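The values are calculated or read from the model by the stated rules, or taken from the named source; none is laboratory data. Predicted, not measured: the structure shown is a model, and the values here were computed from it. Glycine gets a Cβ as well: all are built from the backbone with ideal geometry, and neighbour counts include every protein chain shown. To get the accessible areas, we keep the full protein, side chains included, count just its heavy atoms, and leave off ligands, DNA and RNA. Shrake-Rupley method; radii C 1.70, N 1.55, O 1.52, S 1.80 Å.
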Amino acid sequence: MNYQDNQIEKPHWTTKFLWWCAGADPYFMRLAPMQDRVKYAGIGGIVLCTGLLAGVSGAFAFHTIFGPKGDANDYSLTASIGMQIATMIFAVVWGLVIFNLDRFIISSTGKGDGTDAITWKEFGQALPRIIIALILGFAISSPLEIKILESEINSELSKFQAEYAEDLNKQTDLLFKQKRTGLEKDKAEYEGKVTEYEKGLTTFDTGIDELVSKQQAEMQDKRAYGFGPVAQKMQNDIETKRGEKDKYVNEKRTSVESWRKQLDQVNTKINTLADDLRIEYKENEQKAHGYDGLLKRIQISHEIGGMVPWLILMVFLCIEMGPIFFKMMMTKGVYDFMVENYNHSRNVENGIYREDYIYEGKNGVIHMEKWRYLEVESAKLEKEEKTKKQDEINTTIINKWGESKKQDVAINPQKYFTEGDESAVNNNA
């Protein structure tokens, strides 16, 4: 029967692509009945859909992690063109990685005993692949989960951001209050020193003014007598007082300048506290908006989603692990027997074949397999024959050498006689 006689329907290119996704051989698939074609096309469709969902999931995850941050309910936030291109590239790469892994897992998963029952032995053999599929299912489902619950997550996340910003502002207010208290204390200290200095100046000025008033009164009463001894003494007192004032000013000049400079700095810091506080509020808002990442959204989705996130996870785990269990439950069809026949034929052509042995044991029938490698066995046999012949040749040479020595001893025995110390030097044996 040729291919045209056996062909049910010429496969479409999409069907061929799905076979390729499932890791099936297109040549034997063309010879297989429709039942086998549909099975492997279905498995390939699941693998393809998993890769596509992984790409979409990767795009959501990449955008969430590296996208613009802000209020969760601010829909005006848009990523730059470069960010969008990077997201698309990452989505394609991630989807291809997951697709290739799934394709490898499915193509490397056998059919066990060829029946529709999954035995513990089959499950144990497939366990590594199942664990990998579980991990991939978790990785794919989480970003899609937060996208599905995006509206609810945004509302809860916006509330959390506002509360977190408020907490940060309270801490900032407390810190700035402590700073202002310290600055006010320093200001009061410097103002007190300057006030004390100015009081000293006022004391000197008051004393001088009193002396000047007394002098003028004295001169007014006795102007007819001119500038007398009393007025002169008062003038001396005034000069003395002015000298004390100048000395006081000179002694305090450096300290007063330092106090006034530090007082100006303190006043400047107090005046800029309000601006600093507004800047700190803005930074607190940015910190609060930083809680817009993947981890926080996943946490909120599990807090408010109830069973929904778990249902979504279960769906993706079924999609991811379904083909593995389907292949273990699939019974062998025409396609599988054709592939096995082809593989066995190629093995035999290359000198490799399997021998089956059945033994009756205490626990029932025992099936054992033995693989024969004819080229290895031939090389081994050739090596054994060469070694055997070499041993025979070596034995013949030794025997001939022994006979030759015996004849030589019989003809000329004195060559082999030695006595005393000469035996160690002249022994020709």
Seminar exercise, completed: Reported set for segment 285-322 where residues are under 23 Å from the mean Cα position of the chain (by Cα) and β-branched (V, I, T) is I298, I300
For this session: Filter segment 18-45 down to residues that are of a type in the set (G, A, S) and more than 19 Å from N343 (Cα to Cα) and give me whichever is surrounded by the fewest Cβ atoms within 10 Å (Cβ to Cβ).
Result: G42
Seminar exercise, completed: Of those in segment 1-55 that are of a type in the set (K, R) and farther than 17 Å from S107 by Cβ, the residue modelled with the highest pLDDT is R30
Exercise. Right, H344: without any contact (Cβ under 8 Å) to a residue 24 or more places away in the chain, in a helix (DSSP H, G or I), touching a Phe, Trp or Tyr at 6+ places or on another chain (Cβ under 9 Å) and under 30 Å from A61 (Cβ atoms) or not?
Worked result: no
Exercise. Which residue out of E189, E156 is in contact (Cβ under 8 Å) with a residue 60 or more places away in the chain and either of a type in the set (D, E) or in contact with a His (Cβ under 8 Å, 6 or more places away or on another chain) (or both)?
Worked result: E156
Exercise. Taking the condition of a type in the set (F, W, Y), modelled with pLDDT of 80 or more and open to solvent by 70 Å² or more (accessible area, probe 1.4 Å), does F326 pass?
Worked result: no
Exercise. Somewhere in segment 64-78, is a residue modelled with pLDDT of 80 or more and within 24 Å of I319 (Cβ to Cβ)?
Worked result: no
For this session: May I ask you to verify whether I140 is open to solvent by less than 80 Å² (accessible area, probe 1.4 Å), touching a Leu at 6+ places or on another chain (Cβ under 9 Å) and under 30 Å from F99 (Cα atoms)?
Result: yes
Exercise. Of the conditions (1) open to solvent by 80 Å² or more (accessible area, probe 1.4 Å); (2) part of a helix (DSSP H, G or I), Y291 fails just one. Which one is it?
Worked result: (2)
Exercise. Looking at this structure, is A86 touching a Gly at 6+ places or on another chain (Cβ under 7 Å) and either modelled with pLDDT under 75 or over 19 Å from I43 (Cβ atoms) (or both)?
Worked result: no
Exercise. In segment 89-116, which residues are farther than 21 Å from I319 by Cβ, surrounded by 13 or more Cβ atoms within 10 Å (Cβ to Cβ) and either among the hydroxyl-bearing types (S, T, Y) or modelled with pLDDT of 85 or more (or both)?
Worked result: F90, T115
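Here's the yes/no breakdown for (1) surrounded by 14 or more Cβ atoms within 10 Å (Cβ to Cβ); (2) in contact (Cβ under 8 Å) with a residue 60 or more places away in the chain; (3) in a helix (DSSP H, G or I):
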| residue | (1), (2), (3) |
| --- | --- |
| I238 | yes, no, yes |
| T254 | no, no, yes |
| R260 | yes, yes, yes |
| V266 | yes, yes, yes |
| N284 | yes, yes, yes |
For this session: Can you run down the residue pairs with Cβ atoms below 9 Å, 6 or more apart or on separate chains, where the first is in segment 289-308 and over 12 Å from E150 (Cα atoms) and among the hydrophobic types (A, V, I, L, M, F, W, C) and the partner is buried (at least 18 other Cβ atoms within 10 Å of the Cβ) and at pLDDT below 80?
Result: V308/L149
Exercise. Quick check, is K147 of a type in the set (K, R) and in contact with a helix residue (DSSP H, G or I) (Cβ under 9 Å, 6 or more places away or on another chain)?
Worked result: yes
For this session: Scan segment 184-215 residue by residue and report those that are under 24 Å from R260 (Cβ atoms) and either among the acidic types (D, E) or not in a helix (DSSP H, G or I) (or both).
Result: E184, D186, E189, E191, E196, E198, D205
